[in-house]
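Okay, so here's the structure we're looking at.
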Amino acid sequence: MAKKKPIYFWLRLDNNFYKNLAIKKVRKLAGGDTMVVIYQKMMLSSLETNGVIYYEGLYGKLEEELALMIDEDVDQVAMTLAYFTKSGLIQIEDGQNVKMAQVPALISQETNWARYKRESRKQEKLDNVQPKSNGRPTEIELEKEIDKDKEIDTPKPPEGYSKKSRKSSGITKQEEKDFEALWKLYPCKEGKIPAKRAYVKAVRDGVTNKTIQDGIVAYAKKVSAENTEKKYMKNGDTFFRNRVWEDDLTPSVTTGRNGKPGQKQEPPMAKNEVPASSEKVDMQAVKGMLKGIKTSG
């Protein structure tokens, strides 16, 4: 049996990594640099599985298993998961497997033989492209040499990968158009990019645009009827990722006699409880007011 060739993986990070707004923001937080290191260690742990860390269930919580895997503090790992999930750079599938969104675009790999040949060709490149006549290499010969270098330096796609699957992973023009139409209806214009990803996943799982539209309209009516301040509204990421359109979106307000929304009912006070805003009653003023009121016989 032929011995399986070892494969080496690495991340191709450039200075754009630290220009990412999510990375810039987290580094300004207390312990933010540690969170960036944890995020990078998670990226490295997912290289052999094309950006996915599979939860094996050794611990009751995902962050505990990840902390053991990368030798980091559990609380720091939990904070890193929460922040980068909210930023859209990490996706947790079914509360278990962790998908590192940036890794598939940054991953490189090669066998030890390809590495050896690549280094050898650097030393022998001049001899390989120089013809026997000792003249200048032709354009065809140069193109052949470039093609050979591409074959060595270009990583092989993972098993089961195809151009068709790569194309299907991106958002289509129709999905983009449908999402933009729905986004115009949503009352809180925050978290648009992760909301779009969650929308695409939902429609590909079989949810119709009509269902999502009805949910958005119902939620908009709910926050309007309840006079919800914008800072308390669900941002787009939360709404689409948690499929809020499946929840009961009936406004929790009472209806006045005129049919218009009234004030929310306050919970009954406990026995002998005095409202914090209560003041002493001026009895003399009350008696003076009563003298001027006519009573019906």
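The values are calculated or read from the model by the stated rules, or taken from the named source; none is laboratory data. Please read all numbers here as calculations on a predicted model, not as lab measurements. Every residue, glycine as well, gets a Cβ built from its backbone with ideal geometry; the counts of neighbours run over all protein chains shown.
Here are the numbers for this structure:
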read-out	value
Among residues of region 55-74, those that are at pLDDT 85 or above and assigned to a loop (DSSP other than H, G, I, E, B), counted	3
Some residue of region 84-105 being in the same structural domain as residue 21 (by TED's automatic domain parsing), acidic (Asp, Glu), more than 28 Å from residue 196 (Cα to Cα) and modelled with pLDDT of 70 or more	no
Test: residue 35 is part of a helix (DSSP H, G or I) and surrounded by fewer than 17 Cβ atoms within 10 Å (Cβ to Cβ)	no
Criterion violated by residue 39 - all others in (1) more than 20 Å from residue 23 (Cα to Cα); (2) touching a residue at least 40 places away in the same chain (Cβ under 8 Å) satisfied	(1)
Members of region 172-191 found to be of a type in the set (Ser, Thr, Tyr) and either assigned to a helix (DSSP H, G or I) or touching a residue at least 40 places away in the same chain (Cβ under 8 Å) (or both), listed by number	186
Residue check for residue 141: farther than 30 Å from residue 18 by Cβ, at pLDDT below 85 and not in a helix (DSSP H, G or I)	no
Selected residue (criterion: modelled with the highest pLDDT) from residues of region 38-48 that are hydrophobic (A, V, I, L, M, F, W, C) and crowded, with 17+ Cβ neighbours inside 10 Å	38
Residue list for region 48-66, filter: within 19 Å of the chain's Cα centre (by Cα) and in contact (Cβ under 8 Å) with a residue 24 or more places away in the chain	50, 51, 52, 53, 54, 55, 62, 66
All positions within region 50-80 that are loosely packed, with under 15 Cβ neighbours inside 10 Å and either not hydrophobic (A, V, I, L, M, F, W, C) or not assigned by TED's automatic domain parsing to the domain that holds residue 90 (or both)	54, 56, 57, 59, 60, 61, 64, 71, 73, 75
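One line per residue, one yes/no per condition, for (1) in a loop (DSSP other than H, G, I, E, B); (2) in contact with a Leu (Cβ under 9 Å, 6 or more places away or on another chain); (3) of a type in the set (D, E, K, R); (4) at pLDDT 55 or above:
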| residue | (1), (2), (3), (4) |
| --- | --- |
| 211 | no, no, no, yes |
| 227 | yes, no, no, yes |
| 252 | yes, no, no, yes |
| 264 | yes, no, yes, no |
| 272 | yes, no, no, no |
| 275 | yes, no, no, no |
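Residues are listed down the side, and each one gets a yes or a no for (1) at pLDDT 90 or above; (2) crowded, with 19+ Cβ neighbours inside 10 Å; (3) closer than 22 Å to residue 20 by Cβ:
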| position | (1), (2), (3) |
| --- | --- |
| 175 | yes, no, no |
| 186 | yes, yes, no |
| 194 | yes, yes, yes |
| 197 | yes, no, yes |
| 221 | yes, no, no |
| 232 | no, no, no |
| 241 | yes, yes, yes |
| 246 | yes, no, no |
